[in-house]
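The values are calculated or read from the model by the stated rules, or taken from the named source; none is laboratory data. Bear in mind the structure is a predicted one, so any value in this text is a computation, not a measurement. A quick note on method: Cβ atoms are made from the backbone with ideal geometry, for glycine too, and the neighbour counts reach across all protein chains shown.
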Amino acid sequence: MGEPGKTKFQIDLRRYLREQEEDRNLTRLICEIADASKYIVNSIRTGDLGVAGTSNLYGEDQLALDVLSDRILRKRLLHSGVVANIVSEETSDIIPISTDCAGKYSVAFDPLDGSSLVDVNLAVGTIVSIYEGCELLQPGRNQVAAMYILYGPRTTLVFSTGSGVHEFGMNQLMEYTLLRENIRMEPRGSIYSPGGQRNLYSPGTESFVRHLEGNGAKLRYSGGFVPDINQILMKGKGLFMYPHLQGSPNGKLRVLYELNPMAYLIEQAGGAASTGRGRILDLEPKQIDDRAPVFIGCREDVAMAEEFIRTQG
Ligand code: AFP
């Protein structure tokens, strides 16, 4: 395995996927997304943080970073030759790329989740969910791969194709090389990320949070789904929640391109992801912008959330 004299942890993403004998088209797809992230990270680091519709010093139309990121990813996916359909947080419909589904993949992605955080220099990310064939409106348990790229102090890429969760880091040459293999979650955590307004929590959610605090759990919440999940995954100890709220029974996060990919990754690492009443990956999405409440992280913490909600609502 790996080039003679090269330690496993200098292996780049494409070689790693080849050595895992991943499907060639899936390898192509994951590497195209990884390549697209290089342009996105450059846009974040150097781009004028104006909003769409403004113009930069050259008088060019200024694109908001999330719109620009969407265009970068869409262009790569369009020319990859291995994609059938795509849906993005920035689009209102499924975008057909090829009617030939054989050997191709369909992709749901959030090109720059938490984009408003860039203006205050907090970490943001790209989230990607991958299915075989043409269908995107299907349960997340059918995903064949999921990944995210985290644009923080370091740029890292985390993915799974169903054989564990692996982390790669972008080096000075903007190549992704292996940092961690087969990342695993502990059964219970020590940090929690409570999204949404606490005064709108249900009795069961409120009791669950008090229970975590009573056990000494520390609050860690940035407002960015990707960095908040990444912290829980890399520490292996924690739970993120964006629960059902009074007035918002489905919470805020979107099923197709936020919850399903992160649920897939966390379950691959031995954690769990629930709406509070059932497994995220068993949800049957009806529309591309379906939302759901979420409790995701250490499996015993998720089970406890479900128990508080079962007994107290
Ligand atoms: P945006 O992409 O609209 O900035 O929302 C980011 C997000 O969907 C997710 O990244 C965060 O976990 C969540 O919203 C934070 O929501 P609150 O700002 O309501 O806490």
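For segment 106-164, give me each residue that is acidic (D, E), modelled with pLDDT of 95 or more and under 24 Å from L68 (Cα atoms).
Kept after step one, since they are acidic (D, E), are these residues of segment 106-164: 110, 113, 119, 132, 135.
Now restrict to residues that are modelled with pLDDT of 95 or more: 110, 113, 132, 135.
Passing the criteria: D110, D113.
Which one is farthest from E258 (Cα to Cα), of the residues in segment 197-235 that are more than 9 Å from the ligand (Cβ to nearest atom), surrounded by fewer than 21 Cβ atoms within 10 Å (Cβ to Cβ) and among the hydroxyl-bearing types (S, T, Y)?
Looking at residues that are more than 9 Å from the ligand (Cβ to nearest atom), surrounded by fewer than 21 Cβ atoms within 10 Å (Cβ to Cβ) and among the hydroxyl-bearing types (S, T, Y), I get S207.
Consider M170 carefully, then state whether it is within 25 Å of S43 (Cα to Cα), out of contact with any strand residue (DSSP E or B) (no Cβ under 6 Å at 6 or more places or on another chain), assigned by TED's automatic domain parsing to the domain that holds G114 and away from the ligand (no atom under 16 Å from the Cβ). Before you say what the answer is, go through the steps one by one.
Numbers: within 25 Å of S43 (Cα to Cα): yes; out of contact with any strand residue (DSSP E or B) (no Cβ under 6 Å at 6 or more places or on another chain): no; assigned by TED's automatic domain parsing to the domain that holds G114: yes; away from the ligand (no atom under 16 Å from the Cβ): yes.
So M170 does not fit the description; no.
Kindly establish whether Y151 is of a type outside the set (D, E), more than 22 Å from E22 (Cβ to Cβ), within 16 Å of the ligand (Cβ to nearest atom) and in the same structural domain as G238 (by TED's automatic domain parsing).
Working: of a type outside the set (D, E): yes; more than 22 Å from E22 (Cβ to Cβ): yes; within 16 Å of the ligand (Cβ to nearest atom): yes; in the same structural domain as G238 (by TED's automatic domain parsing): no.
Spelling it out, it is not the case that Y151 is of a type outside the set (D, E), more than 22 Å from E22 (Cβ to Cβ), within 16 Å of the ligand (Cβ to nearest atom) and in the same structural domain as G238 (by TED's automatic domain parsing).
Any residue in segment 203-222 that is closer than 20 Å to E300 by Cβ and in a strand (DSSP E or B)?
Within segment 203-222, one or more residues are closer than 20 Å to E300 by Cβ and in a strand (DSSP E or B).
Restricting attention to segment 236-256, and to residues there that are within 9 Å of the ligand (Cβ to nearest atom) and assigned to a loop (DSSP other than H, G, I, E, B), which single residue is surrounded by the most Cβ atoms within 10 Å (Cβ to Cβ)? Break it down into steps so the answer makes sense when it comes.
Just the residues of segment 236-256 that are within 9 Å of the ligand (Cβ to nearest atom), to begin with: 240, 242, 252-254.
This time we only want the ones that are assigned to a loop (DSSP other than H, G, I, E, B), so: 252-253.
Numbers: K252: 16, L253: 22.
The extreme case among them is L253.
If you scan segment 99-123, which residues turn out to be more than 18 Å from L29 (Cβ to Cβ) and within 19 Å of the chain's Cα centre (by Cα)?
L112, D113, G114, S115, S116, L117, V118, L122, A123
Count, please, the residues in segment 118-145 that happen to be within 16 Å of the ligand (Cβ to nearest atom) and crowded, with 19+ Cβ neighbours inside 10 Å. Give the steps one after another, and end with the answer.
At the first step, the residues of segment 118-145 found to be within 16 Å of the ligand (Cβ to nearest atom) are 118-129.
Applying the additional criterion that residues be crowded, with 19+ Cβ neighbours inside 10 Å yields 118, 123-129.
Summing the residues that are within 16 Å of the ligand (Cβ to nearest atom) and crowded, with 19+ Cβ neighbours inside 10 Å in segment 118-145 gives 8.
Considering segment 185-196 alone, what residues qualify as being more than 16 Å from the ligand (Cβ to nearest atom) and either over 21 Å from V294 (Cβ atoms) or of a type in the set (S, T, Y) (or both)? Give the derivation first.
Pass one, segment 185-196, residues more than 16 Å from the ligand (Cβ to nearest atom): 185-190.
Within segment 185-196, S190 is the sole residue that qualifies.
Identify all residues within segment 92-112 that are surrounded by 15 or more Cβ atoms within 10 Å (Cβ to Cβ), part of a loop (DSSP other than H, G, I, E, B) and in contact with a helix residue (DSSP H, G or I) (Cβ under 8 Å, 6 or more places away or on another chain); write none if there are none.
I97, K104
Which residue is nearest to G236 (Cα to Cα), if the candidates are limited to segment 257-308 and must be in a strand (DSSP E or B) and within 16 Å of the ligand (Cβ to nearest atom)? Step through it out loud before you land on a result.
As a first pass, look at segment 257-308 and keep what is in a strand (DSSP E or B): 272-274, 279, 291, 294-297.
Narrowing the set further to residues that are within 16 Å of the ligand (Cβ to nearest atom) leaves 273, 291, 294-297.
Details: A273: 14, R291: 26, V294: 18, F295: 15, I296: 12, G297: 8 Å.
Top of the filtered list is G297.
Could you give every pair whose Cβ atoms fall below 9 Å, whose first residue belongs to segment 292-304 and is within 14 Å of T205 (Cβ to Cβ), and whose second residue is hydroxyl-bearing (S, T, Y) and in a helix (DSSP H, G or I), counting only separations of at least 6 or pairs across chains?
P293/T205; F295/T205
Looking at segment 84-97, which of its residues are at pLDDT 95 or above and more than 16 Å from the ligand (Cβ to nearest atom)?
A84, N85, I86, I94, I95, P96, I97
Which pairs do you get when a residue that is at pLDDT below 95, found in segment 35-47, comes within reach of a residue that is not aliphatic (A, V, I, L, M), reach meaning Cβ atoms under 8 angstrom, with the pair 6+ apart or on two chains?
Short answer, once both residue conditions are applied: S43/S69; I44/Y151.
Give the residue that is nearest to I149 (Cα to Cα), with candidates limited to residues of segment 54-71 that are at pLDDT 90 or above and buried (at least 20 other Cβ atoms within 10 Å of the Cβ).
The initial filter retains those residues of segment 54-71 that are at pLDDT 90 or above, namely 65-71.
Next, only the ones that are buried (at least 20 other Cβ atoms within 10 Å of the Cβ) stay: 65-66, 68-70.
On the way: L65: 15, D66: 14, L68: 16, S69: 12, D70: 14 Å.
Looking at residues that are at pLDDT 90 or above and buried (at least 20 other Cβ atoms within 10 Å of the Cβ), I get S69.
Which condition from (1) within 25 Å of V87 (Cβ to Cβ); (2) of a type in the set (A, V, I, L, M, F, W, C); (3) over 21 Å from the mean Cα position of the chain (by Cα) is the one that L150 breaks?
Against the list (1) within 25 Å of V87 (Cβ to Cβ); (2) of a type in the set (A, V, I, L, M, F, W, C); (3) over 21 Å from the mean Cα position of the chain (by Cα), L150 comes up short only on (3).
Inspect all residues belonging to segment 273-284 and state whether any of them is surrounded by 22 or more Cβ atoms within 10 Å (Cβ to Cβ), closer than 29 Å to E181 by Cβ and free of Cβ contacts under 8 Å to residues at least 40 places away in the same chain.
yes
I need every pair where a residue in segment 161-175 that is farther than 21 Å from K235 by Cβ has its Cβ under 6 Å from the Cβ of a residue that is among the acidic types (D, E), sequence separation at least 6 or different chains.
T161/E22; E175/D12
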